[in-house]
Amino acid sequence: MTFRLVHAALTVFALLFACAAPAQISQDPRIGLEDANFIRGKKFKNVTLEVSLKPFKKNEPEYIRGICREIFTQWAPLIRHAEQVSVMMWTADGSEILDYSGDLNQRLEWAMYLGNPNTAHPVDSQPDAELSIHQRAFLYMDNPPEYTLNDLRFIVQSLKEEGRRVTGKPVRVGATFDPGPEFAKSAFKYTKHPEICMGATMGHKSFVCCYAVLNQDDEKYAGFPDGIPDGTPFGTFFGRQAQHFLSDLGYDYIWFSNGLGFGLETWSSTGAIFTGKDFDREKLFQTREKIVAFWKLFRAECPEFRIETRGTNLATGIDLAKDGVDLRAIYQGGFNLLPPPNSPWAALDGDFGLELTGYLSRMAELPGEDYIFRFYTHDPWWINSPWLDRYGREPHDIYLPLACARVNRDGDVVLPAHLNLLSIDDSFGNLPVQVPNEVIPRLLEGRYNAPDAPGPFVWVYPFDEYHDWAYQNQERLGEIFSGDWVIRQAINGGFPLNTVVSTSGLVTSLANKPDLYRGTVLVTIVPESGSAVEAALIGTVQKGGKLLVYGPLTHAGPAFLELLNLQTAEPLEGVFDITDGVTGDTFSQAQNPARIRHDALVNGGGVESIVADRTDTATKVLATMKQGDQTRDVLVARSQADWNGGKVIYFRGTNSNRYTGGRLLTPDNPEEFIHGPLLMRYVLSEFGYAFLNNRLRPSVKNPVVCVARSNNGFFFSGYTPDTTVQQRFRFPQGAPLLLGYETMLQDGRSTYHLPRGWHRECRVFVSQQNDGRVGFNERHSNERGVVRRLDVDGLADATVIFYPGHEARPDNIRVYLNAGYPWFKGRIAFEKGPAEFGDCYQVTGVTGRLGIAW
């Protein structure tokens, strides 16, 4: 190992140990370098370093090799946690593949620009004019080097050779294709073949559509030496060109960027099917077939190279309903692909609800078991480096998506196997070592604390149902469209959702592990009548489980309607007065409005739910919407005595957004209309939870919160867009205490003012009559045989429930009252906690300081 590699590793590990560590040192002296315990956490199968050609500022072999070595040296402390490393090359925009003639001496048009080079304004023109870099690009440096494809092949080979030398691991190199005008000049897209640019993502006819058809072209191409015949599908041309390009230059795989292969308008809430005014159902079958045909045509020409994908900025149901994207057919097509990761757009617009909704919806089912987590470190094109500026060096977009996980059919919790870093170079081709030194510790901490069990709230995603309805019951396209928007707005409103299982996965995982979801709240749509999912959900509730259902009731079956004690009435839409009886957020300057708007187009129809039997004492109406003399029951809880504590809550699920133009739906003004999905968070009190906020007024954005279960603990992660907000927490076990913080207990809830991006461990819950200050902190072991010591102070006749880690031996758990080193006195008795709370212990009547060790 070189000196630079050792120095980089020590720097990063020093930063890592300065983070909130989840455990103390191991007391096993037998652990060696070859031991699996030497490196904590589950290894990644692959770490991908994404890089442009900009760092290669000289076309000289030794300079190129030196840059390659520096790349791997900087990221070596992370790479040691992976089985292999990949480099994904943002060489240009993918037009180098389309233009490839088969001659490796061909000049390379590469991404040497700041901004968009495919505009009406020439590069470097009018530097003092009022033009943004989206309107006119600049060269990133004076006299950037010239490259041929042969030079590019040398860089690919150098990355593999130097990467292997520095890391000792296998190294792959991937090529990229982007459908848009970013990154490099493209005569192919915008001069020779503008007919393939059918999307308006960045302006009229700006994005290549995967199912476009090429006009005749007599030029020579590697895969078409006699030219392109008129009517050649883009999938055929691109696939054949890719096969030649990847093979000849030594690449190992290809990345489809910015939604290529996933519809027409991959950044927008409208598309080939949803126009903003209606759903063009007649286009659905044809569009779906065109998209699937692209994948088949590409694979017919390029059968072996792995495809890795960026996907859209949206979510599975939205893409299906608005653009005809049949993700199930793509996943099941045998196309040897990795599914899309989390979108990077939350760094730009703060829409972490959409990022997490899309991520969870696409991992609910997979083409295999592997999927990607991607983090936006630098941008090599648009003069921003998200870690340093957009995120402000705050780690929320690391911890939030790393708190997400899927449950497979076997009932196993599956983590992302691949980690991608976009990108490791900045817009000027620099490789600032500050960024890996600061980012790696957060990535590793998120991985150390990754979920190993379902979280408190599990999204049961209707992956199969949505795809079935789209082609068998097209009047439900609005329902498919609305479901993901409701969850997106709920997460943005603070609903803590970060575990997903598909509906079919729920049924089989329950059969394999009947207690898997004990202690969780399942969150899903109204199931299909008579389905296995319906039976599983009803059975779960009647055996003591918790269920939160959202969406239209129109197609509910009689058994489920009976469970809910609901029936349907005439659907209503428009503006309503809303009355609710659940505890919500508090405000100091203005209150939540008492009106709500429900647009049937984006909500799967109007509001139709009413209680069937109002004499039923097991039913509690928690919110109603009133319009004239018509009332609808939109938030209803039900729990029968013979359900063993089971409870179901129905929420109609108003998506408080409308289409008014632009890329995404426009949310209603929260000062004028309450956002419907807030009720999903407020109603968690019915299950014993509180995730409440004290805000100045309704327009102040809510924190985004995830809670992951890891090593028998609860790991909270959050994004606080406005740090004036006070967050208040309560679980059925008591008020959760966040390690390393003090709290003021108020009304049985812990309260915190939390930073922009945060990640904290919770292993202790407190219940006591008196409000007051309570602290929860890590303490040192100072005792042979004790691997963890925690300290809770400020208790007043409290009941304390605590969760030791899996490393704890039951016979070695110790609890101390008002004691200290050398721990010879003050040891007190404790007992197993309530069974419904899982693997926990309990102490009652505690006043003062409580020490917990194992």
Dimensions (Å) - region 140-282, Cα atoms, principal axes, largest first
57, 37, 34
Run the numbers on region 233-382 and let me know its relative contact order in percent, using alpha-carbon pairs under 8 Å that are six or more apart.
25
Could you report the chain's accessible area per residue, 1.4 Å probe, as an integer in Å²?
35
Going residue by residue through region 208-213, the Karplus relation 6.51 cos²θ - 1.76 cosθ + 1.60 with θ = phi - 60° gives ³J(HN,Hα) values, rounded to whole Hz and with x marking Gly or Pro, of 5, 9, 4, 9, 5, 10
Return the sequence-ordered ³J(HN,Hα) values of region 376-386 in whole Hz as given by the Karplus equation 6.51 cos²θ - 1.76 cosθ + 1.60 applied to θ = phi - 60°, using x for Gly and Pro.
9, 7, 10, 10, x, 10, 10, 6, 8, 10, x
Can you list residues from other chains, or at least 5 along the same chain, whose modelled amide H is less than 5 Å from the amide H of residue 84?
46, 47
For the chain, the dipole about the Cα centre with charges only on Cβ (Lys and Arg +1, Asp and Glu -1), to the nearest 20 debye, works out at 2500
Relative to the longest principal axis of the chain, what angle (0 to 90°, nearest 10) does the C-alpha long axis of helix 434-448 take?
50
If each DSSP helix of 4+ residues adds -39,500 (n - 2.57) and the sum is divided by the residues in the chain, what number results at 222 nm, nearest 500 deg cm²/dmol?
-7000 deg cm²/dmol
The percentage of the accessible area of the chain (probe 1.4 Å, all protein chains present) made up of carbon and sulfur atoms, to the nearest whole number, is 49
Can you tell me which aspartates and glutamates have their Cα less than 12 Å from the Cα of residue 290? Leave out same-chain residues fewer than eight positions away.
323, 326
For residue 384, the net charge from surrounding residues (Cβ-Cβ under 10 Å; K, R +1; D, E -1) works out to -2
Pairs of Cα atoms under 8 Å, at least six residues apart: use those to get the relative contact order of the chain, whole percent.
10
Reachable lysines, given that their alpha-carbon falls under 24 Å from the alpha-carbon of residue 169 and they are not under 8 places away in the same chain:
42, 43, 45, 160
Within 13 Å, Cβ to Cβ, of residue 573, how many net charges do the neighbouring residues add up to if Lys/Arg are +1 and Asp/Glu are -1?
+1
How high is the relative contact order of region 700-768, in percent, counting Cα pairs under 8 Å that sit 6 or more residues apart?
36
Summed side-chain charge close to residue 183 - residues other than residue 183 whose Cβ falls under 12 Å, Lys, Arg +1, Asp, Glu -1:
-3
Cα-based reach from residue 620 at 23 Å (exclusive), listing lysines while leaving out same-chain residues under 8 positions away
543, 546, 647
3J(HN,Hα) from dihedral phi, region 471-485, Karplus parametrisation 6.51/-1.76/1.60, rounded to Hz, x for glycine, proline:
10, 10, 8, 5, 5, 9, 4, x, 5, 4, 4, 6, x, 5, 5
Long-range amide H partners of residue 113 with built H, under 5 Å:
140
Give me, ordered by chain and number, the residues 5 or more places off residue 634 or on other chains with an amide H under 5 Å from its own placed amide H.
623, 624, 625
Ranking 305, 242, 211 by how far each Cα lies towards the positive end of the charge dipole of region 199-314 (+1 on Lys and Arg Cβ, -1 on Asp and Glu Cβ), the top one is 211
With charges only on Cβ, +1 for K and R and -1 for D and E, what is the dipole size of region 166-294 about its Cα centre, in debye, rounded to 20?
340
Answer with one residue from 155, 123, 95: the one whose Cα lies farthest towards the positive end of the charge dipole of region 90-180, charges on Cβ with Lys, Arg +1 and Asp, Glu -1.
155
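The values are calculated or read from the model by the stated rules, or taken from the named source; none is laboratory data. Computed from a prediction, not measured in an experiment: that's the story for all the values here. Neighbour counts are summed over all protein chains in view; Cβ atoms, including those assigned to glycine, are modelled from backbone coordinates with ideal geometry. The protein model used for the area step is the full one, side chains on, heavy atoms only, and it has no ligands, DNA or RNA in it. Shrake-Rupley method; radii C 1.70, N 1.55, O 1.52, S 1.80 Å.
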